[in-house]
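Each value in this text was obtained by applying a stated rule to the coordinates, not by laboratory testing. None of the values given here were measured: they were computed from a predicted structure. Methodologically, a virtual Cβ is constructed for each residue, glycine included, from the backbone with ideal geometry; neighbour enumeration extends over all protein chains shown.
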Amino acid sequence: QVQLVESGGGLVQPGGSLRLSCAASGFTFSNYAMSWYRQAPGKERELVALITTGGGSTNYADSVKGRFTISRDNAKNTAYLQINRLKPEDTAVYYCNAALLGLRYWGQGTQVTVSS
């Protein structure tokens with residue numbers, strides 16, 4: 001049974017940091033590119049960051065470059081998103097995604113709320 005379970009979200013003040021985790025099971029994690037998406041209320045889901053299977057290449061949305069860092073540990077079947085210098089506009093549900101050719105798996109999401 002394929003599962004992606006996100007954790008690490010919460011309420012944080014502007015300028016704060018969070019580390020999101022995405023624990024994978026039920027498929028060969030190391031074969032899949034991993035991504036983080038987010039969806040704010042009333043907005044479409046957007047791609048935030050992507051990392052290739054071996055972790056050698058990453059890409060970020062312009063809005064998060066320099067503040068977000070995606071990583072993965074293939075030995076632990078886990079992907080991470082380190083989020084620094086949080087802004088109120090980063091408030092959203094954050095989802096992890098695993099992709100291999102035409103296969104895509106989604107987690108249930110974790111809420112990140114940035115507010116003073």
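Provide the per-residue ³J(HN,Hα) series for the stretch 79-89, in order, calculated from phi with Karplus coefficients 6.51, -1.76, 1.60 and θ = phi - 60°, each as a whole number of Hz, with x at glycine and proline positions.
After applying 6.51 cos²θ - 1.76 cosθ + 1.60, I find 10, 10, 9, 8, 10, 10, 6, 4, 10, x, 6 Hz.
To the nearest 20 debye, what charge dipole does the chain have about its Cα centre, counting +1 at the Cβ of each Lys and Arg and -1 at the Cβ of each Asp and Glu?
120
Just order 88-99, 8-19 by mean Cβ neighbour count inside 10 Å, highest at the front, would you?
My ranking of the peptides, most packed first, is 88-99, 8-19.
Test of the criteria: in the stretch 46-95, which trypsin sites (Lys or Arg not before Pro) are in a DSSP loop and have at most 11 other Cβ atoms within 10 angstrom of their Cβ?
Answer by residue number: Lys65.
Could you order peptides 45-56, 30-41 by the average number of other Cβ atoms within 10 Å of their residues, highest first?
Ranking, from highest mean packing down: 30-41, 45-56.
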